[in-house]
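Shown next, in structure tokens, is the structure this report addresses.
Read-outs throughout are calculated quantities, based only on the coordinates presented, and are distinct from any laboratory measurement. Model, not experiment: these values are computed from the prediction. So basically every Cβ, Gly included, is an ideal-geometry build from the backbone, and we count neighbours across all protein chains shown.
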Amino acid sequence: MARHRKAIGKWSLMRLFIAANLDQRLCEALAETSANLRSAIRGRYVSPDSFHVTLAFLGECRAEDVNRLEDLLDATAQDFCAISVQLAALGSFGREHAGVLWQGFEPSRELSKLAHELRSRLSEEGFSYDEKSFLPHVTLMRKAQLKGSVLPAACYEAGNIASISLMRSHLGEARAVYETLHRAYLRD
Ligand code: 2AM
């Protein structure tokens, strides 16, 4: 694929992760779940345009590695067809007063295979990543006041994952802003 190679400073560091992108049906369902949560739980909401599934979190990487990571995404995407997924129950990580609230997926062998394949290719190429086991989810809220809250209904829509992206996370005072550096499409 012809693509513009970015001019990047040799030693600058970037906080990177690889995400699976969700189709419009899934994003709309997640936005509806998020709206239901807003009336029930206080916290810091993730904007719907930032919804994603993290497949591998790399953390600080050298800017000069970006081109190699783009190639790794392209090669991996070519080995997978678009994946059908189904949204499932809400869940949380962390503390009762500052939790992370997310919506999960029904188990998908293909999605797990994609995450494992990416991670194994990252290892082969000498990249390190957060090795926590893959639990597919979309974060809807951070710093959630979970204590004593009753979780509202979630929307259990089905949809597709048709692409993966190399993402850069810019940490801000209030929230992180995610920038797509490169997108690779799975096969039809
Ligand atoms: P999440 O997948 O639970 O939302 C950018 O920070 C993205 O990478 C977020 O989606 C974040 O959490 C995910 N992530 C996974 N492991 C992480 C880690 N060790 N540190 C920060 N973010 C991590």
(request) Would you mind checking which residues have amide H under 5 Å from residue 53's amide H? H placed 1.01 Å from N; only 5 or more apart, or other chain. (result) 20
(message) For residue 141, what residues show an amide H to amide H distance below 5 Å, using hydrogens built from the backbone and excluding near sequence neighbours?
(response) 46, 101
(request) Work from the charge dipole of the chain (Cβ charges, +1 for Lys and Arg, -1 for Asp and Glu, about the Cα centre) and give the residue of 102, 40, 58 farthest towards its positive end. (result) 40
(message) Under a Cβ-only charge scheme (Lys and Arg +1, Asp and Glu -1), can you give me the dipole magnitude of the stretch 6-95 about the Cα centre, in debye to the nearest 20?
(response) 560
(message) From the phi angles alone, apply the Karplus equation (6.51, -1.76, 1.60; θ = phi - 60°) to the stretch 18-23 and give each ³J(HN,Hα) in whole Hz, x where the residue is Gly or Pro.
(response) 10, 10, 9, 8, 9, 6
(request) Could you tell me which of 16, 84, 67 has its Cα farthest along the dipole of the chain towards the positive end, charges placed at Cβ (Lys, Arg +1; Asp, Glu -1), taken about the Cα centre? (result) 16
(message) How big is the dipole moment of the chain about its Cα centre under a simple scheme where the beta carbon of each Lys and Arg is +1, that of each Asp and Glu is -1, and everything else is neutral? Debye, nearest 20, please.
(response) 620
(message) Given bins 5 angstrom wide, list per bin the percent of all Cα-Cα distances in the chain, short to long.
(response) 1, 7, 16, 19, 19, 16, 11, 6, 3, 1, 0
